[in-house]
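Values in this text are rule-based calculations from the coordinates and carry no lab data. As the structure is a prediction and not an experimental result, all values here were calculated from the model. Note that we place each Cβ from the backbone using ideal geometry, even for glycine, and neighbour counts take in every protein chain shown.
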Amino acid sequence: MRYLIALALRSAWNRRYTLSFTLLSIALATTLLVGVERLRHDVLESFSQSVSGTDLVVGARSSPVQLMLYAVFRIGEASQNMRWTSAQRISRHPAVAWSIPLSLGDSHHGFPVLGTSLDYFTHFRYGDRQLLRLQAGKPFEGVFDAVLGAEVARRLGYRLGQKIVLTHGSGALEGAAHGDKPFLVVGILAPTGTPVDRTVHISLAGMEAVHLDWQGGAPVPGFSIPSELVRKFDLTPRTITAQLVGLKQRGDVFAMQRAIADDVEEPLMGVLPGVTLDQLWEVVGQGEQALLLVSWLVALVGLGGLVAVILASLDARRRELAILRSVGARPRELLVLLALEGVSVTVGGILSGVALLGALLFFGTPWIETHYGIALNGLSLSRDDLVSLAKLLGWILLAGSVASLLPGLRAYRLSLIDGLTPRT
């Protein structure tokens, strides 16, 4: 067996230029397949950890998925708001440790504007219970202070001290800008890989202030309240979009959920973020299955190229194989020889693909997080990740080994006379 391995390596080296392209195709297929699987895992983890440490998301009674879409991902619009008095009543419940009000509806150049309280910067968590961190500046203090998500600041080129103008609603209607009440950028959050990066954060008082002279979704004709006079008005909100709730004891979550559902003052609901995010992923996560299928097809194409190259070389090597038969090599040894060549190319392609993926993750993870908001784990692998990676590479190696048997079986059938006799 040892001499067959040495012979297979020498034979592969003699055809190194041809096999190197096959090895490259297998390496790229391995990189794509393992990379997609890793990206799929990290995207799912990032998706499921868009909000962490929150026990309940409370809002007006509707669809739980719809509530999560606009409360966490800032997608869509709330069909109905919840009263501020109800939010205050829930926050004073003995089982509640903290609560964060969320008020949505306005935008800035396509980015959602979120009105909230300072508790947002204290209690909101994402990922593995990570707190929000300011990259520059400080949380809002004044009525017209704004804190930008990392992607908002990067894409719009904003810096501390700049003034920005918010737009009522999505900004699709002409004349919807709150131009008379600009906001001052006082803080920029560090990247999180969550919808926080794409959000402009202001205070609840600021959200109320820009709408003092608006009614029914439009400015009141001939009536305007200057920004310097808004503090003379009561800026307490009447309604909010939703509320994030953290409990003192996690075991009280179902009792609190029933208490919210049974509220006689207003029809409300409290949803468990983890359960609802899993339901939402079943809807939006179909694309990653299709992407994984395409990656497997690319891997099969690479292995098919390996089979084609070895089969195509058999005609040129028939005399070589016949000479090996003439000096005592048995047909099964020729089968092993060809199979070893294919397996060695497959192993080389797998190792090259893993090395290429490692380099891409090492250098590309910060860029992907900055430009696409996808939080990747980079080169850090848990035990489960290593097991999953080993299984995936094992399947690729198994497929390559099976593919390598096809040329070996053809060589097995070649006869000594057929190899030595010239064709006419």
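Fully extending the segment from Leu160 to Asp252, taken as 0.36 nm per residue of separation minus the present Cα-Cα distance, adds 28.9 nm.
For the range 56-271, the percent of C-alpha pairs falling in each 5 Å distance bin, counted from 0 to the bin holding the largest distance, reads 1, 7, 15, 19, 20, 17, 12, 6, 3, 1, 0.
Under 26 Å of direct C-alpha separation, and excluding same-chain neighbours fewer than eight residues apart, Lys163 reaches these lysines: Lys138, Lys181, Lys232.
Here the range 173-259 was treated as a single set of alpha-carbon atoms; its pair distances binned every 10 Å from 0 give 12, 32, 30, 18, 8, 0 percent. The residues packed around Asp234, meaning those with a beta-carbon under 15 Å from its beta-carbon, carry a net charge of +1 if Lys and Arg are +1 and Asp and Glu are -1. One way to sum up the overall shape of the range 127-194 is the equivalent ellipsoid from its Cα gyration tensor, whose semi-axes run 24, 15, 11 Å, largest first. Between the residues Gly251, Ala87, Leu56, the greatest Cα displacement towards the positive end of the dipole of the range 56-271, with unit charges on the Cβ of Lys, Arg, Asp and Glu, is found for Gly251.
Other residues lying with their Cβ under 9 Å from the Cβ of Val152 contribute a combined charge of +1, Lys and Arg counting +1, Asp and Glu -1. You can think of it this way: the chain between Phe362 and Leu134 has 79.6 nm of extra reach, that is 0.36 nm per residue less the Cα-Cα gap.
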